[in-house]
1. Of the numbered conditions (1) under 18 Å from the mean Cα position of the chain (by Cα); (2) more than 14 Å from Glu237 (Cα to Cα); (3) of a type outside the set (Lys, Arg), Ile136 fails exactly one; give the number of that condition.
2. Can you name the number of the only condition in (1) of a type outside the set (Gly, Ala, Ser); (2) modelled with pLDDT of 90 or more; (3) surrounded by 14 or more Cβ atoms within 10 Å (Cβ to Cβ) that Leu73 fails?
3. Which pairs do you get when a residue that is at positive phi and at pLDDT below 85, found in segment 177-196, comes within reach of a residue that is assigned to a helix (DSSP H, G or I) and open to solvent by 40 Å² or more (accessible area, probe 1.4 Å), reach meaning Cβ atoms under 8 angstrom, with the pair 6+ apart or on two chains?
4. For a quick check of your reading: which helices (runs of 4 or more DSSP H) sit entirely within segment 17-84 and have at least 1 residues that are closer than 30 Å to Ser6 by Cα?
5. Cβ contacts < 8 Å: first residue within 13 Å of Val98 (Cα to Cα) and in contact (Cβ under 8 Å) with a residue 12 or more places away in the chain, restricted to segment 108-120; second residue of a type in the set (A, V, I, L, M, F, W, C) and outside any helix (DSSP H, G or I), any location; separation 6+ or different chain. Result?
6. Just to be sure, is Pro288 assigned to a helix (DSSP H, G or I), surrounded by fewer than 10 Cβ atoms within 10 Å (Cβ to Cβ) and either at pLDDT 75 or above or not hydroxyl-bearing (Ser, Thr, Tyr) (or both)?
7. Among all residue pairs at least 6 apart or on different chains, which show Cβ distances below 8 Å where the first residue, located in segment 210-231, is free of Cβ contacts under 8 Å to residues at least 12 places away in the same chain and within 14 Å of Val199 (Cβ to Cβ) and the second is part of a helix (DSSP H, G or I) and not hydrophobic (A, V, I, L, M, F, W, C)?
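The values are calculated or read from the model by the stated rules, or taken from the named source; none is laboratory data. Being a predicted model, the structure only gives us computed values, none of them experimental. Positions of Cβ are generated from backbone atoms using ideal geometry, with glycine treated the same way; all protein chains shown enter the neighbour counts. The protein model used for the area step is the full one, side chains on, heavy atoms only, and it has no ligands, DNA or RNA in it. Shrake-Rupley method; radii C 1.70, N 1.55, O 1.52, S 1.80 Å.
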Amino acid sequence: MPGQTSEALRHALAERSRRIVDSTAFTTAVFCLIAANAALLGIETYSGVVHQWHYALKGTEHLFLVAFTAEILVRVAAHADRPRDFFRDPWNVFDLLVVGLAFMPFARENATVLRLLRLARVLRAARFLPQLRIVIVAVGKSLPGTFSFLLVGTLLLYVYAMVGWVFFADDAPEHYGSLGRAALTLFLLMTLDGLGDAVRAGLEISRWTILYFGSFVLLGSFLLVNLLIGVVVNSLEEAKELEAAEARQPVVGPSAQADEPEQALRAQILAARQALDAVEARLSVSRPTCRCEDAGSQYSSTVS
């Protein structure tokens, strides 16, 4: 009985907290808190305002921390019947870390760390903006493709930087005097910044330099950049499909989970009843045969 009572209390607490978390008023209030926290961070960049309103700003920051802590507690209570599900959502883990680390001694003593943690609260606005959440998920999904892009781009820069050092080190040492300078110059050329000046300086050395700059711009500025755009767009489509799949996924409430053992028991009872009906059907078929055999034995004994 005590175990059943505590379980019922957990289900009731989770149900009430879930209603609060899913309500529009709660979402709007939290988003307004995040926006106000961002505004407070901007105000604190003005030294005159901080000097005049130091205690008021400190008190407001403590109120924000209390409000965000209450929000996290409500979200945790919404998973009272299923605690593991709380940590399956990456946004819940992120919110818990951002708010929880603010209470750590090293964060309270280090002003820089504390400002960074307060700044991280602004990123929580993505939780309440579906389009921004899709973009963040897309950026995360594009990281493997981005690493491949960086590998190919680094190889391209290395090869062309070595070629540029071989041909232009004596004539333009300020740009191609070493491998690092040549790579930096080519990286800037990849953005098409100063390309005209570089081509004109190269033509003064040799007409064949047009092949060097033309091939590098074609491979670096057009091919690689378009490849990166394709990776990001593909990841964005995957993020949209994932968001749509999560929106279509039905939410299983605690009541449905509580009915699962009862449904399994009913299925077992139904199977047992069907087995008993089959046994009774077999017995009903075999009984007339047995009676006929008994009557035949009695008749033979009478004749004898």
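1. (2)
2. Condition not satisfied by Leu73: (3).
3. Between residues of segment 177-196 that are at positive phi and at pLDDT below 85 and residues that are assigned to a helix (DSSP H, G or I) and open to solvent by 40 Å² or more (accessible area, probe 1.4 Å), the close pairs are Gly194/Leu188.
4. 24-43, 54-77
5. If the second residue must be of a type in the set (A, V, I, L, M, F, W, C) and outside any helix (DSSP H, G or I), the pairs left are Leu114/Ala102; Leu117/Ala102; Arg118/Ala102.
6. Spelling it out, Pro288 is indeed assigned to a helix (DSSP H, G or I), surrounded by fewer than 10 Cβ atoms within 10 Å (Cβ to Cβ) and either at pLDDT 75 or above or not hydroxyl-bearing (Ser, Thr, Tyr) (or both).
7. Going by the 8 Å Cβ cut-off, the qualifying pairs are Ile210/Gly202.
Table: residues versus (1) basic (Lys, Arg); (2) closer than 30 Å to Ala36 by Cβ; (3) out of contact with any His (no Cβ under 7 Å at 6 or more places or on another chain).
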{"site": "Leu119", "(1), (2), (3)": "no, yes, yes"}
{"site": "Gly153", "(1), (2), (3)": "no, no, yes"}
{"site": "Trp165", "(1), (2), (3)": "no, no, yes"}
{"site": "Asp171", "(1), (2), (3)": "no, no, yes"}
{"site": "Gly180", "(1), (2), (3)": "no, no, yes"}
{"site": "Thr185", "(1), (2), (3)": "no, no, no"}
{"site": "Trp208", "(1), (2), (3)": "no, no, yes"}
